[in-house]
Structure formats: C-alpha cells, structure tokens
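Notes follow once the structure below has been shown.
The values are calculated or read from the model by the stated rules, or taken from the named source; none is laboratory data. In this text, all values refer to a predicted model and were calculated from it rather than measured experimentally. Positions of Cβ are backbone-derived with ideal geometry, glycine not excepted, and every protein chain shown enters the neighbour counts. What goes into the accessible areas is simple: the full protein's heavy atoms, side chains included, and nothing from ligands, DNA or RNA. Shrake-Rupley method; radii C 1.70, N 1.55, O 1.52, S 1.80 Å.
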Amino acid sequence: MEFGNSYVQGVYDGLAKRYPEQKEFLEAAGNVLKSLVPVVEANPEIEKQGILERITEPERTIMFRVPWVDDAGKVQVNRGYRVQFNSAIGPYKGGLRFHPTVTLSVIKFLGFEQIFKNSLTTLPMGGGKGGSDFDPKGKSDAEVMRFCQSFMTELSKHIGPDTDVPAGDIGVGGREIGYMYGQYKRLRNEFTGVLTGKGLTFGGSLARTEATGYGLCYYVEEMLHCMKNDSFKGKTVVISGAGNVAIYATEKATQLGAKVIALCDSNGYIVDNNGIKLDVVKQIKEVERGRIKEYAARVPGSEYHEGCSGIWGTKADIYLPCATQNEIDEDSAKKIVANGAIAVGEGANMPSTPEAIKVFQDAGILFSPAKASNAGGVAVSGLEMSQNSERLHWTFEEVDAKLEDIMKTIFHSCYDAAEKYGMKGNLVAGANIAGFEKVCEAMLAQGIAY
C-alpha cells in the first residue's frame, strides 16, 4: 500500500513487517492511515510525538483459553480475546464477538475501528474489542451458559465500569450478555454497569436493541437530506442480513417512508417487491431462530434465492449492507451502480472492500462508512453506561431522540472534516479524520508514559 508520505508509509510498513499474518487488521489500519495523510502534513506534532505509532499499537492484548463442558460431558476448549486498544478519551468500549471466524487479526481490526467510531459519538469512550472462536449456533442454552461463565471467569480480571465495558456483537445477544453479567456479579460481588446490552430488568437501556439499525437510517437520512436534498420517502431499499441490525434498519427505513424489498442470511436471500413483512421476519429470526428462506414459504409473491451475494443484483435506490465484513466486493459494487443506486450506507463492520468503495465514490454514489453510520449501537451503549452511573432509566423516546441527535452530529462531523482537508463529500476520509482528531488531541495532552 502506497501513501505518498514517508512518515505514514513507515508506520504502515512497520505494522506489515511486525504482523504479516494479520490481514484484516492491516487492511483497516492502511485505510485509516491513508485518510490521515493531509492531517499529518498539516500537524508536524503528530510525527514528533509518534501518535500514529502509538494509536496503531494496542495498549493491551489479552488472549486466554476457555474450557467448558458440553451436554455430552465432553470438555471443549476455545480461545478468548480482549484487545484494549486506546483509552485516551474514556474507558475501553467495544463488543464481544462469538463466531468461528474470530482471530486476533479480526479482533484487532474491529478494535482499531472502534477507537474512531467511539470518538465520533461525542461520548467519552475509548476503543476495544473482544470475543472467541466459539459458535453459539446449534448449542443448547445450557452449553452457551457454561461457555459464557467460563469466558467471563477470565475476562472479569481485566474489565470494570471505569476500565473496560464490553457489549454484544455477532453471536452475542441478550442471552449471552445475561449469562456473562451474572457470572461477573457472582465473581466480583458488585452490581455495576460493566456490560452494556443488558436486560431491562438489570440495568439495560430501552432502544439498545434497535440502536444500530435505527442509527444507520438516521445517518443515511441526514446524508440524503444534506448532500442530495432527498430522503428515504418513496425509495426502495435492499438490506443484507436478517439479524438485529438488519431487522431494525428495515423497521426504521419503513417508518421513514421507504419500501424494503430484500433481506438475506448466510444461506440465501428473499425478495418481496410488495415490501418485506417485518412481523414475519421477526417471528422467524427472533422467536424461532430459523432461516430466512422460511419467509418465502409463508408470504405469497415473495421469492427465495440460494447464495447471499446475489442480493446485490436486486434493483433498488438505497443499499444497506448489515451482515458482515467484506460482503460487497468490486463486482457486487458494480451491480449496485448499474442498478441506479443513489446511496449505500454501511450497517455492518467494514462490509465493503476498498475496491468496492472506490467503485461507489467514482460513480458519485453517496457512501457512508461503517465507523460513522453504524455507531448507533455503541452510542446507546454509552447512554446505557450513563444511566447505570446515575441509577436512572430513561424512556424509549428519550433515548431515541438522543440517538437521532448523535447520528446527525456524526454526519456533520464527517462532512465538515472532509471539507476542511479538501475532500468535500468524501465521508470515508471525513469519518477517519474527525474520529482521529479528538483522540489525537487527548493523546497529545496526556503526554507519553515511559
């Protein structure tokens, strides 16, 4: 990767030499560093104080084994991670992911992105991420409980409400958070806001379930309004995924006047040109934990297609990738452009490859990067932390209004930062720059610890 700046090039080359096997992390670091070149050139103190070297190296990396017993009585062993990346502006904050694809590289990539995403929210939260290669799918509740208790037995030594506050991510929902919180409370003998995404009866926040999907739509709506004098109203929308983010992005986009016509899971996708019936999707995915293909059997006129990548060939005005990283490659991006799309908003973590993003930008399509447009989840997690600290419980309407305001503020921070450095309309660069500047200022103010 070429940067056109010797300092930035040296930082990236050093990372590539030190971590050649960490492809996901190197890709994320390279993309951010490329955006920061004009900032570095305008601020010599960044190089003098080694800010880029410091911000690309985690403050702490924790790896541990997680032994647990399955229902057959057999001992299983998984690997657990917590990467505490940067605490310059607040305690480490970021989700826990339970999925077979989890590696140190994936956790580092997610934790690095989390630094800037959390900074953009305007809330005092640092960046971190964690998880395990454990797969909750196909496991009984008892097996998931035993795994979560074992995982938290080790993790509890490294987290706390003023140190590190994990949350959920892929494979970690309310069930898993509940089991882990119960174990933390049992071990530490304290009732604190050490995890977010908790149940409403023990410190959770209303609107947390909806937050990432709702926040994505609030950001995209503001982007459409400010950059195109347009809105969701009357638009057709394709959304990838069928989990929490996709479901509530569908709900909010529909409330804003759009018609969502496609959803998918890891096996295939559905198309319903009459508009997705969200009550059916919620029944299948949230209650029955079934597969999205069951929708086609229940809703006349809808279609199911094997293979999830085909969803990008479905013609629509707006595309919201809400499934997983790198789900839109260059070829898929070209299909979206050919379909006449006006906007793409990322709801998953880094769902578009760099090549895909270039296709969107070259075509003049409005594009919102994940670290900005999917920050609604962590924003409401931050609001949950505030409620826990104050022993308060805000209404849904209060939290939702704060979320909408935060997402609009994030958009304008990204837009203004891009314009400041001569890249008007480039929200990818704007998000990286706006998130970086706040953390950089805090790091400069706090000095270097020897």
Seminar exercise, completed: Per the list (1) among the charged types (D, E, K, R); (2) in a loop (DSSP other than H, G, I, E, B); (3) modelled with pLDDT under 95, residue check on residue 71 breaks on (3)
Exercise. Do the conditions hold for residue 101, that is, is it open to solvent by 60 Å² or more (accessible area, probe 1.4 Å), out of contact with any helix residue (DSSP H, G or I) (no Cβ under 9 Å at 6 or more places or on another chain), over 19 Å from residue 124 (Cβ atoms) and of a type in the set (S, T, N, Q)?
Worked result: yes
Seminar exercise, completed: The condition from (1) open to solvent by less than 60 Å² (accessible area, probe 1.4 Å); (2) polar (S, T, N, Q); (3) in a helix (DSSP H, G or I) that residue 231 misses is numbered (3)
Exercise. For residue 355, are the conditions met, namely being in contact (Cβ under 8 Å) with a residue 60 or more places away in the chain and among the charged types (D, E, K, R)?
Worked result: no
Exercise. Of (1) open to solvent by less than 60 Å² (accessible area, probe 1.4 Å); (2) out of contact with any strand residue (DSSP E or B) (no Cβ under 8 Å at 6 or more places or on another chain); (3) closer than 23 Å to residue 350 by Cβ, residue 308 satisfies all except one. Which?
Worked result: (2)
Problem set entry | Condition check for residue 358: at pLDDT 95 or above, part of a helix (DSSP H, G or I) and on the phi < 0 side of the Ramachandran plot | yes
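Against the condition open to solvent by less than 10 Å² (accessible area, probe 1.4 Å) and within 22 Å of residue 229 (Cα to Cα), how does residue 345 come out, does it pass?
Yes.
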Problem set entry | For residue 327: the one exception among (1) within 22 Å of residue 94 (Cβ to Cβ); (2) modelled with pLDDT of 95 or more; (3) open to solvent by less than 10 Å² (accessible area, probe 1.4 Å); (4) out of contact with any Lys or Arg (no Cβ under 7 Å at 6 or more places or on another chain) | (3)
